[in-house]
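Reviewing the structure listed below.
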């Protein structure tokens with residue numbers, strides 16, 4: 001690991017050095033200095049060899065032997081003191097001559113070996129001197145080539161050690177540069193030499209020359225190769241080959257010393273990625289991946305790069321479910337990722353947000369390469385983000401939804417810019433593609449198969465509002481809630497709970513409204529009644545407490561026999577003291593009832609009651625707002641049950657409560673009478689038996 005920018009400098013310097021040696025090495029070995037030193041060495045050795053040979057010849061004569069030097073080596077032949085026409089070979093066949101010759105050879109052999117050893121030592125000395133001369137010239141030219149590099153990296157100890165090793169190897173392989181010059185014009189040979197020189201080249205895995213500050217990377221799709229790098233093997237004559245230049249870095253190499261952001265769900269898709277990432281963080285060592293088949297590591301033989309010291313901050317982005325799942329079942333997760341930070345995608349709208357929103361949209365436009373938005377289009381996208389937040393004072397900053405909307409609007413746009421028209425059309429078409437169930441339910445309501453009364457008044461019946469969430473789409477629909485009372489002591493019977501179709505929160509809501517009922521009306525006399533409560537034509541589980549306000553009104557209406565308006569739907573939960581509490585899905589609920597009214601019989605008197613604390617959540621489509629402005633559809637905000645009573649019955653709360661008390665007293669009296677009759681029957685039955 002080198003300081004920022006020095007890796008690239010080192011690689012460039014090494015490349016310059018190789019080019020310098022290609023140019024200058026051959027010249028150095030063809031230069032005057034080299035030739036003179038080579039000639040002096042050769043002459044000195046030749047002179048010494050000549051003296052040794054002369055000594056050998058003179059010594060051989062003492063044994064009547066002569067020395068012959070030929071291609072086959074050194075030969076010792078007898079010296080004859082007389083001239084004879086007989087060939088030497090014939091004379092040696094004579095036993096007398098052969099015996100004397102062999103005797104002389106044996107006597108001279110120790111001295112002959114000594115002289116030959118001296119000649120071999122001189123040859124060896126010549127070779128050694130030539131190697132030293134070659135090394136001297138090579139060292140000089142290599143030192144000259146490295147002058148700039150050594151000055152630049154004089155303060156970095158690791159590089160100084162590397163330079164020393166590279167210089168030593170270059171001196172040993174100086175013949176490659178001599179052969180390079182000789183092979184000029186022969187591309188095949190030069191390519192072969194160039195490949196051999198790769199051993200000296202530097203592979204800069206990560207270049208931070210242009211990086212300002214610590215590197216920060218968001219890896220959208222973390223893979224084994226992408227995170228940990230790989231060895232890129234190449235085929236040469238049917239053999240897979242790789243060297244240090246074949247090493248390719250991963251994101252973890254690039255982000256070393258900085259910050260890495262990963263999508264936790266994407267990481268967990270490949271268990272190997274998760275296991276190896278944890279190993280890297282635990283041991284602070286980063287290993288480059290070797291062999292892999294489709295993102296699965298496999299055993300391999302070949303390069304095994306040493307681990308790189310690793311130090312980086314890793315951020316995992318995920319949902320709460322994944323966090324708690326890993327916290328429970330992966331102990332290393334808690335050890336490695338100690339800091340948890342929760343982010344709210346819903347932010348308050350302020351001046352800075354309004355100023356920054358167009359910049360965010362501009363960035364999306366640029367990255368996605370789509371058309372610019374005009375003022376109306378930008379305003380509509382902002383409105384969409386507010387609607388997604390469900391609060392007119394807040395903004396949803398999940399950009400994925402905005403990007404999808406802009407992509408579709410871009411396709412629909414026939415002009416140079418995207419306007420309000422294309423944004424609205426994209427939203428309509430998006431809803432149209434996924435609202436089949438919503439249309440089917442409304443169709444059943446229109447045909448009268450799902451019974452919803454949106455006119456008149458009825459006792460013990462009210463229109464509550466439900467929300468269906470289908471993942472990518474949600475919508476509201478009215479639900480007919482009915483209550484029936486009769487003498488008895490069973491209290492309020494939640495039919496959905498009895499058949500296990502009521503969720504725990506809905507059951508809690510019914511118990512709370514029961515508490516309100518007993519708290520409000522049982523001060524002077526005990527309450528005795530039986531009341532059944534249900535969602536009519538509900539064939540799926542009921543959950544949530546947002547219908548508790550509607551349910552208590554239905555019960556009170558059934559008790560007092562006072563009819564309530566059917567053209568007004570209601571949503572809201574209540575506490576034990578009759579206060580109306582905020583609920584969710586306000587937009588869907590209001591628009592759901594509005595569209596049912598428009599579909600069946602829109603009288604201009606219909607409306608919806610919502611909790612006052614949900615006022616900021618009333619974000620409606622333009623057609624609904626238009627009818628509200630014209631007074632054809634109405635939104636009522638309430639804070640207590642008494643507010644609801646006045647709107648739905650037209651009664652003042654005090655008068656309405658009196659009617660409820662009358663109804664409860666009547667039920668109490670009827671219950672008592674029923675109880676007396678039951679006791680009489682029981683006594684009569686006992687007497688009869690006795």
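Gain on full extension, evaluated as 0.36 nm per residue between residue 543 and residue 245 minus their Cα-Cα distance, stands at 101.0 nm.
Peptides 325-334, 600-609, 65-74, 412-421 ranked from most to least packed by the mean count of surrounding Cβ atoms within 10 Å: 600-609, 412-421, 325-334, 65-74. Cβ-to-Cβ counts within 10 Å put 150, 335 in ascending order as 335, 150, the fewest first. Against the chain, whose longest principal axis comes from its Cα atoms, helix 271-283 is set at around 70 degrees. For the pair residue 16 and residue 469, a Förster radius of 41 Å applied to the C-beta separation gives a FRET efficiency near 0.05, rounded to the nearest 0.05. The distance from the alpha carbon centre of the range 542-581 to that of the range 1-55 is 101 Å, rounded to a whole number.
Put in line by how crowded their Cβ is, counting other Cβ atoms within 10 Å and starting with the fewest, 187, 314, 142 read 187, 314, 142. Under 1.5 on a/c is rounded, so check that first for the range 131-263, then, if it is not, pick prolate when a/b is larger than b/c and oblate when it is not; a ≥ b ≥ c are the square roots of the alpha carbon gyration tensor eigenvalues. Oblate is the answer for the range 131-263, as a/c is 1.5 or above yet b/c matches or exceeds a/b. From helices alone, the chain scores -17500 deg cm²/dmol at 222 nm; the rule is -39500 (n - 2.57) for each run of n ≥ 4 DSSP H residues, then divide by the residue total.
Sorting the segments 579-586, 515-522, 50-57 by their residues' average number of neighbouring beta-carbon atoms within 10 angstrom, most packed first, yields 579-586, 515-522, 50-57. Shape class for the range 473-631, computed from the alpha carbon gyration tensor (a ≥ b ≥ c): prolate, with a/c not under 1.5 and a/b above b/c.
Relative contact order of the range 304-410, taken over Cα pairs closer than 8 Å and 6 or more residues apart, is 26 percent.
What is the angle, in °, between the Cα long axis of helix 351-368 and the longest principal axis of the Cα atoms in the chain? Nearest 10 is fine, range 0 to 90. Roughly 50 degrees between the two axes. Quick check: the distance between the Cα centres of the range 209-266 and the range 645-663, to the nearest angstrom? So the two Cα centres are separated by 74 Å. Ordering 596, 171 from the fewest to the most neighbouring beta carbons within 10 Å gives 171, 596. Pairs of Cα atoms nearer than 8 Å and 6+ residues apart set the relative contact order; for the chain it is 8 percent.
The angle between the Cα long axis of helix 504-521 and the longest principal axis of the Cα atoms of the chain comes to about 30 degrees, rounded to the nearest 10. Note on residue 599 and residue 313: the extension gain reaches 97.2 nm, defined as 0.36 nm multiplied by sequence separation minus the Cα-Cα distance. Computing Kirkwood radius over Cα pairs in Å directly from the structure and comparing it against [x] 31.1; [y] 26.6; [z] 36.3 singles out [z]. Rounded, prolate or oblate: pick one for the range 349-434, where a ≥ b ≥ c are the square roots of the eigenvalues of its C-alpha gyration tensor, a/c under 1.5 means rounded, and failing that, prolate if a/b is larger than b/c, else oblate. Taking the square roots of the gyration eigenvalues as a ≥ b ≥ c, the range 349-434 is oblate.
Readers should treat all values here as calculations from the given coordinates under stated rules, not as data from a laboratory. It should be emphasised that the depicted structure is a prediction, and the values quoted were computed from it without experimental measurement. Positions of Cβ are backbone-derived with ideal geometry, glycine not excepted, and every protein chain shown enters the neighbour counts.
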